[in-house]
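For reference, the structure discussed in these notes is given below.
The values are calculated or read from the model by the stated rules, or taken from the named source; none is laboratory data. Worth saying up front: this structure is predicted, and the values here are computed from it rather than measured. Because the Cβ atoms are built from the backbone with ideal geometry, glycine has one as well, and the counts that use them run over all protein chains shown.
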Amino acid sequence: MSDIDLEKTLPSRTKFLVVVDETPECRLALRFACRRAARTRGGVVLLFVIEPAEFQHWMAVENLMKEEAREEAERILQELATEVNEESGIVPEFRIREGRKQDEILAMLDEDPDIRLLVLGASAEKEGPGPLVSALAGQMSGSMRVPVTVVPGSLTTEEIDEVT
């Protein structure tokens, strides 16, 4: 049997996709995903989306802004990857994409069939869970190919540990 045939016979590993940024609710969603992945022997994919800048008058300025945003995304991903590894022993995959968050998440789900769960953190603020959670767990949830888990921003790490 060739290597390619052997790969086709092996079961794929379930991956948990977490959209990351520097919000507190992101860290809670990440903790949830890591604990679930560790218990199911799955993987974690960290997605950082760089949204288009509003300011696009000069190409040199726009390029500099993109470069700085990418460096910041890489810094955040490295920091979170260290936390993931320390908490769960998992080495996460990184993805940095440019575009609208919602569009890039949907594209990731289309491109990687091993992603079987999208984990989002909901803001605990009274204004609501946030536009991404509202769209993906609300209006679009019926057309998604994976379940969406929304981790409330009001949970403590102990409460997350209890449910995972």
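Points to keep in mind about this one:
- Which numbered condition residue 161 misses (of (1) part of a helix (DSSP H, G or I); (2) free of Cβ contacts under 8 Å to residues at least 60 places away in the same chain; (3) not small (Gly, Ala, Ser)): (2)
- Verdict on residue 147 being loosely packed, with under 12 Cβ neighbours inside 10 Å and either among the β-branched types (Val, Ile, Thr) or in contact (Cβ under 8 Å) with a residue 24 or more places away in the chain (or both): yes
- When the range 111-129 is filtered for residues that are assigned to a loop (DSSP other than H, G, I, E, B) and farther than 16 Å from residue 48 by Cβ, the ones remaining, listed by number, are 113, 114, 123, 124, 125, 126, 127, 128, 129.
Yes/no matrix, rows are residues, columns are (1) exposed (fewer than 10 other Cβ atoms within 10 Å of the Cβ); (2) at pLDDT 95 or above; (3) assigned to a loop (DSSP other than H, G, I, E, B):
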residue	(1), (2), (3)
8	yes, no, no
12	no, no, yes
17	no, yes, no
32	no, yes, no
52	no, no, yes
55	yes, no, yes
63	no, no, no
66	no, no, no
69	no, no, no
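- Residue selected from the range 97-106 under the condition surrounded by 13 or more Cβ atoms within 10 Å (Cβ to Cβ) and part of a helix (DSSP H, G or I), by the criterion nearest to the chain's Cα centre (by Cα): 105
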